[in-house]
Amino acid sequence: MIRRHLSNRRIRIAVGLALLAGFLLQCQWALTNRSDQEPVVVRNPIKLAGNTAIAAPAVVLPTRTESLEERAARDPLGFLQFCLDHYDRSVRDYTCTFTKQELVNEKLTAEQVMKAFFREKPFSVRLEWVKNEDKCSRVLYV
């Protein structure tokens with residue numbers, strides 16, 4: 001019984017070493033076959049009948065020598081798409097100062113100033129009144 005336990009242990013070790021060697025070979029293969037070119041981003045492929053598709057033009061990122069102002073002047077729609085993509089990739093929350101003044105019964109109320117905190121996931125908004133709080137001083141929505 002002890003002999004069988006040792007042989008099972010040896011088999012497990014041999015299989016584990018074989019899997020580790022295969023994993024290392026796959027990693028080496030992936031690293032050597034990598035191209036140094038930047039990947040082309042395909043957005044909104046146009047679907048045709050059947051299972052064929054035509055790729056829409058990729059978004060061209062501004063080069064280091066081209067300023068954002070130059071990019072906006074050269075390609076306004078591409079610049080807006082770039083800004084939206086950048087926002088989607090990097091912005092998860094933000095803070096700002098929110099100022100409001102309401103028209104109630106044809107009269108303007110006093111101007112209210114709040115610190116606003118926004119987070120996408122989980123979606124939540126927090127407001128803290130800085131000036132002219134009305135019925136509450138803080139609000140939280142999650």
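Residue under question is V130, and the condition is that it be more than 21 Å from the chain's Cα centre (by Cα), without any contact (Cβ under 8 Å) to a residue 40 or more places away in the chain and open to solvent by 90 Å² or more (accessible area, probe 1.4 Å); does it hold? Spelling it out, V130 is indeed more than 21 Å from the chain's Cα centre (by Cα), without any contact (Cβ under 8 Å) to a residue 40 or more places away in the chain and open to solvent by 90 Å² or more (accessible area, probe 1.4 Å).
The rows are residues; the columns are (1) under 30 Å from E70 (Cα atoms); (2) exposed (fewer than 10 other Cβ atoms within 10 Å of the Cβ); (3) over 17 Å from the mean Cα position of the chain (by Cα).
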site	(1), (2), (3)
F82	yes, no, no
R89	yes, yes, no
Q101	no, no, yes
L108	no, yes, yes
Q112	no, no, yes
A116	no, no, yes
Y141	no, yes, yes
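Within the stretch 60-96, the residues that satisfy the criterion of being modelled with pLDDT of 55 or more, over 30 Å from E133 (Cβ atoms) and outside any helix (DSSP H, G or I) are V60, L61, R64, T65, E66, S67, D75.
Remark: pairs (first residue in the stretch 97-121, closer than 14 Å to E133 by Cα and of a type in the set (S, T, N, Q); second residue open to solvent by 60 Å² or more (accessible area, probe 1.4 Å) and part of a loop (DSSP other than H, G, I, E, B); Cβ separation under 6 Å; 6+ apart in sequence or on different chains) = Q101/E111; T109/E102; Q112/N132. Take the residues in the stretch 1-33 that are of a type in the set (D, E, K, R) and at pLDDT below 75; name whichever of them is least open to solvent (accessible area, probe 1.4 Å). Per the stated criteria, the residue is R4.
The values are calculated or read from the model by the stated rules, or taken from the named source; none is laboratory data. The structure presented is a predicted model; accordingly, all values stated were derived computationally and were not measured. Heads up, the Cβs are rebuilt from the backbone with ideal geometry, glycines too, and the neighbour counts pull from every protein chain shown. Side chains are part of the model used for accessible areas, which takes the heavy atoms of the whole protein and leaves out ligands, DNA and RNA. Shrake-Rupley method; radii C 1.70, N 1.55, O 1.52, S 1.80 Å.
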